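Have a look at the structure below, then the notes.
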Amino acid sequence: MRRAVCPGSFDPVTLGHLDIVSRASAIYDEVIVAVGVNVSKSRLFSDVERQDMLREATASYGNIVVDSFDGLIVDFCHERGVQVIVKGLRAISDFDYELQMAQMNHGLAGVETLFMTTNPLYSFLSSSLVKEVATYGGDVGHLVPEGVHKRLTARLAERRAQA
Ligand code: PNS
């Protein structure tokens, strides 16, 4: 079986992520979307919430499974017997860091990275930008799955009430 891993923070998953994951699912027999649980960034959603949102958003695909990992992505790939990581490239600004990670992951464990160019509709899109715009009241409903939009709106309202 040909399998690939799509790793990320997914805080929260956007339509840009889904574009890459769904296109990977057309190429591989199985795609594991792997949520990094211990990457050093402050999170709006817990790893369980991020996985729930991904499961909801990918439920219609028969060959996408959602999991999480803590530690090196190459160790996760090794445990699952996966040799390929699929990543989206939005712009040249993504390339420097992604190249470093791809070369490190190949050097560490022989894991290959396949870069997929993002659909131009989403080349400006990131989870961070979605959170920032939504925090200040901007409409991001067309940039994330409906379920994510609902959770995002609710979480930001909770945060405002706590402030
Ligand atoms: O969505 P992000 O934040 O761009 O995802 C980055 C992620 C989680 C894919 C990357 O930071 C990662 O693979 N972290 C796991 C730790 C690891 O293996 N680091 C070395 C990479 S060379």
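The values are calculated or read from the model by the stated rules, or taken from the named source; none is laboratory data. Keep in mind it's a predicted model, so treat the numbers as computed, not measured. Note: ideal-geometry Cβ built from the backbone for every residue, glycine included; neighbour counts use all protein chains shown.
Only residues that are within 13 Å of the ligand (Cβ to nearest atom) and in contact with a Pro (Cβ under 8 Å, 6 or more places away or on another chain): list them for region 46-56, please. Working first, answer last.
Residues of region 46-56 that are within 13 Å of the ligand (Cβ to nearest atom), as a first pass: 47, 50, 54.
Hit for region 46-56 is Arg50, nothing else.
One line per residue, one yes/no per condition, for (1) among the β-branched types (Val, Ile, Thr); (2) closer than 18 Å to Val35 by Cβ; (3) crowded, with 19+ Cβ neighbours inside 10 Å:
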| position | (1), (2), (3) |
| --- | --- |
| Ser68 | no, yes, no |
| Gln83 | no, no, no |
| Val86 | yes, yes, yes |
| Gln103 | no, no, no |
| Thr118 | yes, no, yes |
| Val133 | yes, no, no |
| Gly137 | no, no, no |
Inset, instruction - Just give me the residues in region 108-158 being out of contact with any helix residue (DSSP H, G or I) (no Cβ under 8 Å at 6 or more places or on another chain) and among the basic types (Lys, Arg), in sequence order. - result: Lys150, Arg155
Inset, instruction - Identify the residue in region 87-126 that is of a type outside the set (A, V, I, L, M) and under 11 Å from His17 (Cα atoms) and, among all such residues, is farthest from the ligand (Cβ to nearest atom). - result: Asn119
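Show me the strands (runs of 3 or more DSSP E) found entirely inside region 1-94 where at least 1 residues are within 20 Å of Gly110 (Cα to Cα), touching a Cys at 6+ places or on another chain (Cβ under 6 Å) and in contact (Cβ under 8 Å) with a residue 12 or more places away in the chain.
Numbers: elements: 3-8, 30-36, 64-69, 84-89.
So the answer is 3-8, 30-36, 84-89.
Out of the residues in region 1-22 that are charged (D, E, K, R) and surrounded by 17 or more Cβ atoms within 10 Å (Cβ to Cβ), which is farthest from Leu129 (Cα to Cα)?
That would be Arg3.
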Inset, instruction - Just one of (1) closer than 29 Å to Leu156 by Cα; (2) modelled with pLDDT of 95 or more; (3) more than 14 Å from the chain's Cα centre (by Cα); (4) among the hydroxyl-bearing types (Ser, Thr, Tyr) trips up Ser40, so point out which. - result: (2)
Legend entry - Positions within region 3-30 being in contact with a helix residue (DSSP H, G or I) (Cβ under 8 Å, 6 or more places away or on another chain) and among the charged types (D, E, K, R), in sequence order: Arg3, Asp11, Asp19
Inset, instruction - Could you check how many residues of region 115-163 are within 15 Å of the chain's Cα centre (by Cα) and not in a loop (DSSP other than H, G, I, E, B)? - result: 10
